[in-house]
Amino acid sequence: MTHRDTTPSHGTSPDRTEQELQESLAALAGAVHPPPDAYRTARGEWLRRERRRRVILTVLVAVVFAVAVLIGLWVLNRAPSEPGVIFSGTGAGTGAGSVLSAHPPGWRGP
C-alpha cells in the first residue's frame with residue numbers, strides 16, 4: 001500500500017460523505033408511504049405460509065409413518081410360519097448351557 005492509497009480524494013471527507021448519505025436516505029425514506037393495510041396484508045401472507053408449512057409437514061409425517069408401518073407389516077408377513085430352531089426347543093443348540101435355548105437355565109417345563 002502506498003501513500004497515495006491511504007489519502008482521501010480531494011474535496012471529500014468521511015464526515016461529509018456520511019452526512020450526504022444520511023440526508024439522501026432520509027429523503028428517500030420520507031418519500032415512501034406504505035399502504036394503510038400493509039401490515040395486515042403481510043401478516044395474512046405470513047400466516048398462510050405458516051399454515052401451509054404445518055399442513056405439509058403433518059402430511060409428510062403421516063406418509064412416512066404409514067410407509068414404515070406398511071414395510072413392517074410386509075416384513076412380518078414374509079416371515080416363515082413354522083417355528084424356528086431358536087424357539088422350538090428342538091435342534092442342535094438345545095442343551096442346558098446353550099445360548100440358543102428358548103428357556104433359561106434351570107427351567108423345568110410343565
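Which of the three applies to region 14-77, rounded, prolate or oblate, going by the alpha-carbon gyration tensor with a ≥ b ≥ c and a/c under 1.5 meaning rounded? Oblate shape, in that a/c is at least 1.5 and b/c is the bigger or equal ratio. Model label sites at Thr17 and Arg108, defined 7 Å from Cα along the beta-carbon direction, differ in position by 9.8 nm. Backbone geometry of region 21-37 corresponds, through the Karplus equation with coefficients 6.51, -1.76 and 1.60 at θ = phi - 60°, to 3J(HN,Hα) couplings of 5, 4, 5, 5, 5, 5, 5, 5, 5, x, 7, 8, 10, x, x, x, 9 Hz, x marking Gly and Pro. Here the gap between Asp37 and Val67, fully extended at 0.36 nm per residue and compared with their Cα-Cα distance, gives a gain of 6.3 nm.
When Thr58, Thr41 are compared by accessible surface with a 1.4 Å probe, the order from highest to lowest is Thr58, Thr41.
The values are calculated or read from the model by the stated rules, or taken from the named source; none is laboratory data. Source: prediction; values computed, not measured. Note that we place each Cβ from the backbone using ideal geometry, even for glycine, and neighbour counts take in every protein chain shown. Each accessible area value is taken on the protein alone, full model and side chains, heavy atoms only, with ligands, DNA and RNA left out. Shrake-Rupley method; radii C 1.70, N 1.55, O 1.52, S 1.80 Å.
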